[in-house]
């Protein structure tokens, strides 16, 4: 189901800041871009390695692996620094750190529910 997402880049930034993720992390901009791409077509989350990471890698002149790794780092930061907030956004307890895809899905769901 396609949602009419109406969040802005400032909403993404506030959400990342809430999870302890700052501009200090390279993945900050990658996550912003991923969520904006999902805003245009949320089905991209179903095939991140083909539909989400490649345009981000092209835009930032890096590799798909680097994009995934840096978003994974953001997931780890949120998991270790702000786990309670991350679980609140997820809507349930998490027994392990979310994968990059799951992390983006949690963020996207939080943004469209606001």
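The values are calculated or read from the model by the stated rules, or taken from the named source; none is laboratory data. Because the structure is a prediction, the values reported are computed rather than measured. Quick reminder, even Gly has a Cβ in these numbers, built from the backbone with ideal geometry, and neighbours come from all protein chains shown.
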For residues that are modelled with pLDDT under 95 and out of contact with any helix residue (DSSP H, G or I) (no Cβ under 6 Å at 6 or more places or on another chain), scanning just region 33-45, find the one that is nearest to residue 9 (Cα to Cα). 39
Tally up the residues in region 24-47 that are more than 11 Å from the chain's Cα centre (by Cα), in contact (Cβ under 8 Å) with a residue 12 or more places away in the chain and assigned to a helix (DSSP H, G or I), please. 3
For the subset of region 57-80 comprising residues that are in contact (Cβ under 8 Å) with a residue 40 or more places away in the chain and either touching a strand residue (DSSP E or B) at 6+ places or on another chain (Cβ under 8 Å) or closer than 15 Å to residue 15 by Cα (or both), which member is surrounded by the fewest Cβ atoms within 10 Å (Cβ to Cβ)? 77
Give the number of residues within region 1-23 that are farther than 22 Å from residue 83 by Cα and not in a helix (DSSP H, G or I). 8
Would you be able to tell me the number of residues in region 81-101 that are in contact (Cβ under 8 Å) with a residue 12 or more places away in the chain, part of a helix (DSSP H, G or I) and surrounded by fewer than 17 Cβ atoms within 10 Å (Cβ to Cβ)? 2
Could you count how many residues in region 46-61 are out of contact with any helix residue (DSSP H, G or I) (no Cβ under 8 Å at 6 or more places or on another chain) and more than 17 Å from residue 102 (Cα to Cα)? 2
Suppose we filter 21, 9 for residues that are buried (at least 18 other Cβ atoms within 10 Å of the Cβ) and touching a residue at least 12 places away in the same chain (Cβ under 8 Å); which single one remains? 21
